[in-house]
Amino acid sequence: MSVPRPLSGLVALCLLVAACSGSAAGPSESASGAPSVAPASATPSPSASASPTIKPTPSPTPTPTPVPTPAAFTLDSTVWWSGYVIHVTDGTYDPLKHVLKVNATFQNTSTAQTDSSSIGNDLKVVWNGQFIPGYVSQGAVPVGATATAQIQITTPKDFVVADTVLAFGAPDEHQALVPLSGATATSEQPTTLTATGTIKMGKYASFTITKGILIPAGCYGYSDKIKFIPLKKNEVSIVLWGTASSSDPLNYAYIDQGFVVAPDKTTAASNPAISLTLGPRATIRNQGVCFDVAAPGSGSYTLTMHESRSKLSASIPIVVP
């Protein structure tokens, strides 16, 4: 017997509703009819706690290395050496360039013009047991004048100004020492002599002494232009100045020799050698004779001079305190 149509439509509608209902609330079925289980949703893992940020320890700000700058110093030291009165006044030291500069004045007490640069030949800077050569700036120093010059020295890197001494002259010579620490400077000084008298060589020629000194130095040059130079410490010089003249109305006169006999009977000839040419009735002033004798130079000497035309000599005593 056939099923009426309205029933079949109802069954179909129920199946459709059931299918839709199962799709929304119930588990779905697999193709084989077994229920399909939906995968469980992943539970979110707790977020990891943030690691603390490590801040680097700041480096200390470097302290700038101080740049060495020239240091100035002042002095007031005076010495006598080889015809110069040397007055050291001030200076600077540059530890970066290792250069020492010392300012000084130089008075020329000789009877010849000199140049300050020549002093550098006999200047040594004594430091830490070393002898460092020095340079003195160039400049003319006229007779009796005072000139300013600068002493310059290139030093070792660990040089110390306060431990330094300016040494004029060698250790075996008469030295003048100027400590840059400000300590007392030392030097030997000239001694004024009271020498007087006239040497009469024959009838016409004569030499009259006008002044004299005893000095810790040697002599170089000519009778009218004597420059004082370094001398060994076991010797000194007797220097006499005077006037040479001739009263001969017609002829020339020639004073060609001069020497002294020392207390120990040794003889010293004049250096520079005497060579005085006198015309008729001529007079020559400010002529010097210099005798290198044994130190200390004190005692009674005999000064002798000779005139070549007359072939005559004459003598007078010279007493050195």
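The values are calculated or read from the model by the stated rules, or taken from the named source; none is laboratory data. Everything numeric here is computed off the predicted structure, so don't read it as measured data. Note that each Cβ is placed from the backbone with ideal geometry, even for glycine, and that neighbours are counted across all protein chains shown. Only protein heavy atoms, including side chains, enter the accessible area calculation; ligands, DNA and RNA are left aside. Shrake-Rupley method; radii C 1.70, N 1.55, O 1.52, S 1.80 Å.
Taking each residue as 0.36 nm, the span from LYS233 to SER275 lengthens on full extension beyond its C-alpha to C-alpha distance by 12.3 nm. Does region 115-249 classify as rounded, prolate or oblate by the C-alpha gyration tensor (a ≥ b ≥ c root eigenvalues; a/c under 1.5 gives rounded; else a/b over b/c gives prolate, otherwise oblate)? Prolate, because a/c is 1.5 or more and a/b exceeds b/c. Name the residues of region 131-156 whose amide N is less than 18 Å from a point 7 angstrom out from the Cα of ASP172 along the C-beta direction? So the set is 131. The slack between ASN121 and THR192, meaning 0.36 nm per residue of separation minus the straight C-alpha distance, is 22.8 nm. Inverting the pair-averaged 1/r between distinct Cα atoms of region 229-321 gives 14.1 Å as its Kirkwood hydrodynamic radius. Rounded, prolate or oblate, given the Cα gyration tensor of region 88-163, with a/c below 1.5 counting as rounded? The shape class here is prolate. Subtracting the Cα-Cα distance of ASP94 and ALA72 from 0.36 nm times their residue separation leaves 7.0 nm of extension gain.
Does a label point 7 Å from the Cα of LYS225, set along Cα-to-beta-carbon, have any residues of region 85-113 with amide nitrogen under 19 Å, and which are they? Taking a point 7 Å out along Cα→Cβ of LYS225, the residues of region 85-113 whose backbone N falls under 19 Å are 108-113.
Annotation: lysines with alpha-carbon distance below 29 angstrom to LYS157 (same-chain offsets under eight excluded): LYS97, LYS101, LYS124.
Each other residue within a Cβ distance under 14 Å of ALA253 adds +1 if Lys or Arg and -1 if Asp or Glu, for a net charge of +2.
Summing charges over neighbours of GLY202, with a neighbour being any other residue whose Cβ is under 12 Å away from its Cβ, gives +2 when K and R count +1 and D and E count -1. The listed residues GLU188, GLU307, GLU173, GLU235, once ranked by accessible area (1.4 Å probe) with the largest placed first, stand as GLU188, GLU235, GLU173, GLU307.
Distance between the C-alpha centres of region 167-234 and region 51-125: 32 Å, rounded to the whole angstrom. Ignoring lysines fewer than eight residues from LYS200 along the same chain, the ones with Cα atoms less than 26 angstrom from its Cα are LYS211, LYS225, LYS265, LYS311. The residues neighbouring VAL236, those whose beta-carbon lies less than 11 Å from its own, together hold a net charge of -1 under the Lys/Arg +1, Asp/Glu -1 convention.
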